[in-house]
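The next block holds one structure in the form of structure tokens; read it before the comments.
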Amino acid sequence: YQDNWYTTEFTDGFGTSIGNGKGRTGADGNFSIALNEIKADDTTELTLEINATESGGFPVSARASTILHPANFYIGIRPATWFGQAGNALRFDALTVDLDKNPAPGKVLTASFQKVTWERNDLTYGYSFTPTYTPIESQQVSTNDSGKTFVSFTPAEAGTYMVELTGDGAK
């Protein structure tokens, strides 16, 4: 007999319950929980915790975690340089790999470039800063047979910029 099954998606270290219920094992001693409908916007740790009672009435608990991926591949990005100059192109090399770390060729990716500015928030005990993102431009690229591609961006003015690569659920 199994009571109180639930899954937890960890976000800020505390987690959010995304389901719970009760059930009973079959004659073969097995019990299944359908997790097919769980989706993730980003790579997430998913934890399943079981509290069961065995035939003698003693509690048995178990917990297991796995990584839930929003897509069947990863996107990696690396700047050619960490600093640039307004008016000069900045290059970023990208690589797509499958979940087994093998090249994932033929992926269409969207590169979104945004300027980042910081808004100061005065607090009673100090201050904090909140980023504000302003879209600058976007472009589409495709990975080659080795899963590689690159994007480039020329900032019009000095500042802090962010690039985000997305495609088919991967980010």
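Here LEU68, LEU95, LEU99 are screened, and the one residue that is surrounded by 10 or more Cβ atoms within 10 Å (Cβ to Cβ), in contact with a Pro (Cβ under 9 Å, 6 or more places away or on another chain) and either on the phi > 0 side of the Ramachandran plot or modelled with pLDDT of 80 or more (or both) is LEU95.
Here's the yes/no breakdown for (1) out of contact with any Cys (no Cβ under 7 Å at 6 or more places or on another chain); (2) closer than 29 Å to LEU35 by Cα; (3) without any contact (Cβ under 8 Å) to a residue 24 or more places away in the chain:
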site: ALA52; (1), (2), (3): yes, yes, no
site: SER55; (1), (2), (3): yes, yes, yes
site: ILE67; (1), (2), (3): yes, yes, no
site: ILE75; (1), (2), (3): yes, yes, no
site: ARG91; (1), (2), (3): yes, no, no
site: ASP98; (1), (2), (3): yes, yes, no
site: ALA104; (1), (2), (3): yes, yes, no
site: THR117; (1), (2), (3): yes, no, no
site: SER138; (1), (2), (3): yes, no, no
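For segment 154-168, a residue qualifies if it is surrounded by 14 or more Cβ atoms within 10 Å (Cβ to Cβ) and not in a loop (DSSP other than H, G, I, E, B), and the qualifying residues are TYR161, VAL163, GLU164, LEU165, THR166, GLY167.
For segment 65-119, enumerate the residues that are more than 22 Å from the chain's Cα centre (by Cα), of a type in the set (A, V, I, L, M) and not in a loop (DSSP other than H, G, I, E, B). Matches in segment 65-119: LEU90 only. For segment 15-64, a tally of residues being within 17 Å of the chain's Cα centre (by Cα) and assigned to a strand (DSSP E or B) returns 5.
The values are calculated or read from the model by the stated rules, or taken from the named source; none is laboratory data. These figures come from a predicted structure and were not determined experimentally. So basically every Cβ, Gly included, is an ideal-geometry build from the backbone, and we count neighbours across all protein chains shown.
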